[in-house]
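To start, the structure under review is shown below, and the notes come after it.
The values are calculated or read from the model by the stated rules, or taken from the named source; none is laboratory data. As the structure is a prediction and not an experimental result, all values here were calculated from the model. Cβ placement follows ideal geometry from the backbone for every residue including glycine, while neighbour counts extend to all protein chains displayed.
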């Protein structure tokens, strides 16, 4: 059995805006939109160079967020290279007005990371690999 995570799904309000964010800042290739009008559902798959995929989804009845930290998906971690790359990404994000939630810093468990927020406040860890 070959087990791997195929993709992670993320509910969003602005499907196109979030897709543009990940394309612009992380080079994600944005797939064709899928739509199920009966369910009020739309989605796009974002594919990264490594093969990892993120599905961004919207549905007319999924509209509320219950705070910055909650049970469920906590963050998406993206490896950007070494510590210098994390610092460079953080500086670029700061210059472009992207919210920095934490770091860059070394965490207690030894990771070097910076946490930024995507356009809808989802936490994205930029980490050294």
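Summary of computed values
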| quantity | calculated |
| --- | --- |
| Residue under evaluation residue 23, criteria (1) part of a helix (DSSP H, G or I); (2) over 21 Å from residue 93 (Cα atoms), criterion not met | (2) |
| Strands (runs of 3 or more DSSP E) wholly inside region 27-78 that include at least 3 residues being over 17 Å from the mean Cα position of the chain (by Cα) | 34-36 |
| Residue tally, condition within 21 Å of residue 12 (Cα to Cα) and assigned to a strand (DSSP E or B), over region 81-129 | 9 |
| Odd one out for residue 38 among (1) modelled with pLDDT under 95; (2) surrounded by fewer than 15 Cβ atoms within 10 Å (Cβ to Cβ); (3) closer than 24 Å to residue 9 by Cα | (1) |
| Only one of 126, 73 that is in contact (Cβ under 8 Å) with a residue 60 or more places away in the chain, more than 15 Å from residue 18 (Cα to Cα) and surrounded by 11 or more Cβ atoms within 10 Å (Cβ to Cβ) | 73 |
| Failed condition for residue 56, given (1) farther than 15 Å from residue 13 by Cα; (2) surrounded by 14 or more Cβ atoms within 10 Å (Cβ to Cβ); (3) in contact with a helix residue (DSSP H, G or I) (Cβ under 9 Å, 6 or more places away or on another chain) | (1) |
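Results for (1) in contact (Cβ under 8 Å) with a residue 12 or more places away in the chain; (2) touching a helix residue (DSSP H, G or I) at 6+ places or on another chain (Cβ under 9 Å); (3) within 14 Å of residue 76 (Cβ to Cβ), shown as yes or no for each residue.
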site	(1), (2), (3)
6	yes, no, no
9	yes, no, yes
17	yes, no, no
33	yes, yes, no
42	yes, yes, no
